[in-house]
Amino acid sequence: MKHLIRYSIPTHNTRVLLSVLCFTALFTINIATQVNAAKSTADPQAAYLEVLTLLGETLYDLQEKDPTHEEFGGIRDPENGIYYTRAAEALYPFTVLYKLTDDKKWLDAAIHTGNWLISKQEETGEWVENPWEWTGTTADQLLMMAASWPTLIQYMSDDEKKAWKQSIQEAADYLVEKMSPDWASFNYVPTTAGCLAVVYENVTKDPAHLEKARILARQSVAKLDRNYFFEGEAARVHGVKYGVDLGYQIDMSLWGLTLYARTVGDKETEDIIRKSMENVLWFVYPDGAIDASWGARAYKWTSYGSKTADGCQVTFAMWADENPAYQTASLRNLEYLKHSIQEGLVGYGPHIWAMPGKLPNIYPTFARAKNIAMAIEYGRHQTGKTPPLPSESGDFVKHFPSVNVALVGTKNFMATISSYDYIDYTNWGDGKYTHFPRGGAMVNLWLKDHGFLTTSSQTRYSRGEPIHMPPIEEPIQPLTPRIEFENENGYFTNLYDSYADLEVLDSEGDIKKILVSGKLCDQNYHPGGVAYRILYEMSDMEVKKTVFLRYHDRFPQVRILEPIVKHDGVSVSQSKKDALMIKGNNRELKLSLDSGEATIQLGENADEFWYPFPGMRAIPVVMEVDTPKDSHFRTISYSYQLKE
């Protein structure tokens, strides 16, 4: 083990670019209002620096500054007091803040953090991601050291220079030996390609590092499906990882592969990434939320991204010169992210910052800071008016057959409908890849000037990553709209139907139509005797759902649930026997039961309708379907009608 101590240099530089007080004032703005605000003239560098400074100040305050302390230079997690080795990735945000402000405190913080990180390095070159035993995150820490090296080297002592260079060499050698798709979840492969390219360029000039980067890049490209989504984020089958996760693709994999391609001049790889970028941009909602709710790792989806992944700013900023809408996506998401920040810490989501009596885990704070710092340094920034996002066109249906997901947009509404069919045959990690929503569910419904009207979550809360997923003892209910029943055989829902069909039908005028069909299944994907079809019809002023049920050999009590996202000020009340009113954020809708043998009412146990991921709360609306006696069929039609 290695250890370096570097004493702080006192500084009286007071160039503070952002106060927490000003940021808190910004925080009171409703998410929906950010859409119009983000259409103004763009100053991306200033926008990035504003948030980076806020997060950087928090990380700086959490750094151990006593030179006699055994963790001198480390950064303490406010949730549980651990000095995570991965938190040392903050050294790069510190470095970028020093470059932009000339404030010596950032310089000291960066070098102290790097020295601390070196003291935690194993003799074989890797870092253990404490308190786990995983070492693949060595790529993340190494990249931050190598990216900071050209700036920091001139301020280091000779001993520090020697120690840093040796540490970088040994960590890179470890990754050359270990990193592959057979060893790690997919996102580590392209990020390591980018990492080793930067290590080669900035520090070592070791041909082995460059060659390994090229190998990893080729392996990464091979994991793209026909719609340019990366496979490899979930469980293994015969040693091969499968599963698409949009959150990790945007927040990690795409920037890693782009960084590799740009650093070494690999135009062929860059051309392939370009096609993926065009598709993922559609999943950025008009207010900047990113819909990764349907992917295999949706258990960590926060609505601003994936909790422990880095973030979309660097990914979109790197492509902003080719399409300024990428910059719009980056800045719009940055505004959306602010609603999950309090006291300089990034929390779980818009409604839930932390668990009761605790502060948030530090992971998303240093990860987002790292991402924003990289956006500043590696982005191709544009000035002038920011163009609209593709999702703002107000008239589209986009179907991605390789994942069986459709996006629908009208003047006032946007929705994601997912029949993504990934199956974890091993039920690995307490089923963490099993409980993402599917089965033709409308996993998100968004309303202009309001935000999410409905959203989604895991169907059963599974703590696949205990450090990042809080223990929850009390019962909580899924947030996803669904069809369900429960009997002596268990719990059955469309959300566990991995074989559901999804078909885009011809539009009728301005009405967009999607038809899904399948069977209500348990969490083992076994059907329970009830088949379903859902016809979605979306227009500028209405979202209509017609549910067709077919009972064969079983006649359970079926329910349809529509949990309404409970933003501040949102209320749901029963206005008539067959209708409810939804009010809030200057919008008013009627949710009505239009036809069919069922009842509609506010659900019970409303306090159970919340989830740490995506960090939202909901108000349940329940439709109880009358069980047929002389038939095997039921048809229930209901609609959201927007008032002028």
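The values are calculated or read from the model by the stated rules, or taken from the named source; none is laboratory data. Owing to the predicted nature of the structure, the values given are computational and were not obtained by experimental measurement. Every residue, glycine as well, gets a Cβ built from its backbone with ideal geometry; the counts of neighbours run over all protein chains shown. Ligands, DNA and RNA are stripped out before the accessible areas are found, and what is left, the full protein with its side chains, is counted by its heavy atoms. Shrake-Rupley method; radii C 1.70, N 1.55, O 1.52, S 1.80 Å.
State the extension gain, in nm to one decimal, for the chain segment bounded by Trp134 and Tyr425, taking 0.36 nm per residue of separation less the distance between their alpha-carbons.
Details: separation 291, 0.36 × 291 = 104.76 nm, distance 2.33 nm.
Here the answer is 102.4 nm.
Residue by residue through region 552-569, which ³J(HN,Hα) values in whole Hz follow from phi under the Karplus form 6.51 cos²θ - 1.76 cosθ + 1.60 (θ = phi - 60°), with glycine and proline marked x?
10, 6, 9, 10, x, 7, 8, 10, 10, 10, 10, x, 8, 4, 9, 5, 4, x
In debye, nearest 20: dipole of the chain around its Cα centre with unit charges on the Cβ of K, R (+) and D, E (-)?
Details: 64 positive and 84 negative charges, 160 e Å.
Dipole about the Cα centre, nearest 20: 760 debye.
Please check which bits of region 547-567 a label hung off Asn489 would reach, taking the label as a point 7 Å along Cα-to-C-beta and the cut-off as backbone N under 15 Å.
550-558, by backbone N distance to the label point.
Quick one: Kirkwood hydrodynamic radius for the chain, alpha-carbon pairs, angstrom, one decimal?
25.3 Å
What ranking do 236-249, 329-342 get when scored by the average of other Cβ atoms within 10 Å per residue, highest first?
By packing density, highest mean first, the sequence is 329-342, 236-249.
Over all Cα pairs of region 581-644, how is the pair count split among 10 Å bins, expressed in % and running from 0 up to the last occupied bin?
Percent of Cα pairs in each bin: 17, 36, 34, 12, 1.
Count the net charge of all other residues whose Cβ sits under 12 Å from the Cβ of Trp446, scoring Lys and Arg as +1 and Asp and Glu as -1.
Charge balance in the 12 Å sphere: -2.
Determine the per residue accessible area of region 129-250 with all protein chains present and a 1.4 angstrom probe, expressed in square angstrom.
Per-residue value: 37 Å².
If R0 is 22 Å, what FRET efficiency do you get for Asp522 and Glu474 from their C-beta distance, rounded to 0.05?
Efficiency for this residue pair is about 0.40.
Tell me, what is a quarter of the convex hull surface for the C-alpha atoms of region 53-150, in nm² with one decimal?
With the hull built on Cα positions only, its mean projection is 6.4 nm².
Can you list the trypsin sites (Lys or Arg not before Pro) in region 144-234 that are in a DSSP coil and have 16 or fewer other beta carbons within 10 angstrom?
Qualifying residues, ordered by number: Lys205, Arg226.
For region 109-157, I need the span (max minus min coordinate) of the C-alpha atoms along each principal axis, in Å, sorted largest to smallest.
Result for region 109-157: principal-axis Cα extents of 34, 19, 17 Å.
If I model a spin label at Ala222 and Phe555 as a point 7 Å from the Cα along the Cα→Cβ vector, what separation in nanometres do I get?
Going from the Ala222 label point to the Phe555 one covers 5.7 nm.
What's the angle, to the nearest 10 degrees (0 to 90), between helix 267-280's Cα axis and the longest principal axis of the chain?
It works out to around 40 degrees.
Please give the Cα centre distance for region 228-243 versus region 479-536, rounded to the nearest Å.
Going from one Cα centre to the other spans 25 Å.
Any chance you could run the full-extension gain for Leu359 through Leu602? It's 0.36 nm times the residue separation minus the Cα-Cα distance, nm to one decimal.
On the way: separation 243, 0.36 × 243 = 87.48 nm, distance 3.27 nm.
Once the chain is fully extended between Leu359 and Leu602, it gains 84.2 nm.
Check each of the GluC sites (Glu not before Pro) in region 454-510 and keep only those in coil by DSSP with at most 12 other C-beta atoms within 10 angstrom; list them in order.
Hits after loop and neighbour filter: Glu473, Glu488.
How large is log10 of I(q)/I(0) for region 498-564 at q = 0.21 Å⁻¹ when the intensity is taken from the Debye formula with one equal scatterer per alpha-carbon?
Result of the Debye calculation: -0.96.
Could you work out how far helix 44-61 tilts from the main Cα principal axis of the chain, as a 0 to 90 degree angle to the nearest 10?
Around 70 degrees separate the two axes.
Using only Cα atoms and rounding to the nearest 10 degrees, what angle (0 to 90) does helix 188-199 make with the longest principal axis of the chain?
Orientation of helix 188-199: about 20 degrees from the principal axis.
Based only on the alpha carbon positions, what is the Kirkwood hydrodynamic radius of region 223-352, in angstrom?
Computed over Cα pairs of region 223-352, the Kirkwood hydrodynamic radius comes out at 15.1 Å.
What number results when the radius of gyration of region 226-270, computed over Cα atoms, is divided by 2.2 N^0.38 Å? Spell out each step's value before the answer.
Details: Rg = 12.3 Å, N = 45, 2.2 N^0.38 = 9.3 Å.
In units of the globular-protein estimate, region 226-270 measures up at 1.32.
Go ahead and run the numbers for FRET between Glu588 and Glu624, Cβ-Cβ distance against an R0 of 25 Å, rounding to 0.05.
0.45
Excluding Met581 itself, what net charge comes from residues whose Cβ is under 10 Å from its Cβ, given Lys and Arg +1 and Asp and Glu -1?
Around Met581, the charge tally is +3.
On the principal axes of its Cα set, how long, how wide and how thick is region 308-431? Give whole Å, largest value first.
Largest to smallest, the principal-axis extents are 44, 44, 28 Å.
Give the carbon-plus-sulfur fraction of the accessible surface of the chain in %, rounded to a whole number; probe 1.4 Å, heavy atoms of protein chains only.
48 percent
Calculated FRET efficiency, Glu322 and Lys162, Cβ-Cβ r, R0 56 Å, to nearest 0.05?
Approximately 0.85, to the nearest 0.05.
Which net charge results for the neighbourhood of Asp266, defined as the other residues with beta-carbon distances under 11 angstrom from its beta-carbon, given Lys and Arg at +1 and Asp and Glu at -1? Write out the running numbers ahead of the final one.
On the way: positive: Arg214, Arg218, Arg262, Lys267; negative: Glu268, Glu270, Asp271.
Net charge around Asp266: +1.
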